[in-house]
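So the structure is just underneath, and the comments pick up after that.
Where a number appears in this text, it was derived from the coordinates with a stated rule and is not lab data. In this text, all values refer to a predicted model and were calculated from it rather than measured experimentally. For neighbour counting, all protein chains shown are included, and Cβ atoms are generated from backbone atoms with ideal geometry for every residue, glycine included.
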Amino acid sequence: MTQHPPTGRVPDLLSAALSAAERGWNVFPLRPGDKRPALHGETACPGTGDCADGHRKWEQRATTDPDRIRGAWTAGAFNVGLATGPSGLVVVDLDPVKAKDPKGTPDGVTSLQALCERAGQVVPATYRTRTASGGHHLYFTAPPGVRLGNSAGKLGKHIDTRAHGGYVVAAGSTLPNGTYDVVDPTEPVPLPEWLHASLTHRQPSRALTAAPAPVRASRYAAAALRAETATVAGAGEGVRNWTLVRAARALGRFIPSGDLARTEVEQALNSAGLAAGLRENECRAAVASALNWSIANNPGRPA
Ligand SMILES: [Zn+2]
């Protein structure tokens, strides 16, 4: 007897696919009891149907059309793949700790909590599913006018994101080790600007992330000032506010230690904010409050 993986029931999977499509999410079939696409790959393309004008992969074939969905899902117990890019979603994927991880490695939920705390934010409440392996998927609507791709570990340990070029397994799907369930059914909220900025932020060079020796602190602070102002000046419209706030918070810690003067930081950041297209009063207010926050949270080096 052939062994088949445990699968969900066809009516349940069809209804999961239809309810995802009702939310405007583009779905496509995944293999029964599996998370790989059920659609043929490019090398096996028959050149017919959807592929009559050339092969189309799952991202292009994913649909919200209920008739096409009914047609596909009555043919088998397919899990539901959700193409995040065409659905206008950014999904933050929080993975559990894996058996091979060193002891003490944080899981994705813990990493996101830490990321939020560092940013002075709360963990966003949005549509959320629990994955078969015990991870979590947080759904956000993608920022308008930008095309985000996938990321792996950029936001933190065991945090991936899926947007264009990516998909997630939707609620209602079944794998051998469990099911995908909705744990927060609310509509996805827009991707917070600070998270968007973290995704698009270029990693500072190692020289800037290493802890400075006190004697070189001023030179280090000057380099940080140059790097942060360059980042702010180059920030795009969707992320420039938060990029400015983050830069001010990062630089503010050099003020109590005496490595940078407040007026110097304010002038540099205000000019960079103006260069990025922010209004002068917006810059001044954002920089002042972020510096106050940073100074209050960084008491300075002991003498
Ligand atoms: Zn094809």
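Observations on the structure shown:
- In the set (1) over 19 Å from the mean Cα position of the chain (by Cα); (2) crowded, with 21+ Cβ neighbours inside 10 Å, the condition left unmet by residue 92 is number (1).
- The conditions of being surrounded by fewer than 22 Cβ atoms within 10 Å (Cβ to Cβ) and either β-branched (Val, Ile, Thr) or touching a Leu at 6+ places or on another chain (Cβ under 7 Å) (or both) are met by residue 135.
- Residues satisfying the stated conditions in the range 85-135, i.e. closer than 23 Å to residue 163 by Cβ, without any contact (Cβ under 8 Å) to a residue 40 or more places away in the chain and hydrophobic (A, V, I, L, M, F, W, C): 109, 116, 122, 123
- Top-ranked residue in the range 260-286 [being of a type outside the set (A, V, I, L, M, F, W, C) and in contact with a Lys or Arg (Cβ under 9 Å, 6 or more places away or on another chain); ranked as nearest to residue 224 (Cα to Cα)]: 266
- Within the range 237-254, the residues that satisfy the criterion of being buried (at least 21 other Cβ atoms within 10 Å of the Cβ) and not in a helix (DSSP H, G or I) are 239, 254.
- When residues in the range 37-88 are screened for being hydrophobic (A, V, I, L, M, F, W, C) and farther than 18 Å from residue 25 by Cβ, 6 of them pass.
- Between 43, 48, 64, 84, the distinction of being farther than 30 Å from residue 157 by Cβ and touching a strand residue (DSSP E or B) at 6+ places or on another chain (Cβ under 8 Å) belongs to 64 only.
- Hey, residue 39 surrounded by 10 or more Cβ atoms within 10 Å (Cβ to Cβ), among the aliphatic types (A, V, I, L, M), closer than 18 Å to residue 87 by Cβ and free of Cβ contacts under 8 Å to residues at least 24 places away in the same chain or not: yes
- Only residues that are under 22 Å from residue 174 (Cα atoms), touching a Gly at 6+ places or on another chain (Cβ under 8 Å) and within 8 Å of the ligand (Cβ to nearest atom) were counted across the range 35-64, and they come to 0.
- Qualifying residue in the range 287-300 (condition: β-branched (Val, Ile, Thr), over 27 Å from the mean Cα position of the chain (by Cα) and loosely packed, with under 15 Cβ neighbours inside 10 Å): no
- Residue within the range 10-33 that is loosely packed, with under 14 Cβ neighbours inside 10 Å, among the hydrophobic types (A, V, I, L, M, F, W, C) and either away from the ligand (no atom under 16 Å from the Cβ) or more than 29 Å from residue 140 (Cα to Cα) (or both) present: no
- Criterion applied to 72, 83 was being surrounded by 17 or more Cβ atoms within 10 Å (Cβ to Cβ) and touching an Asp or Glu at 6+ places or on another chain (Cβ under 6 Å), and the one residue passing it is 83.
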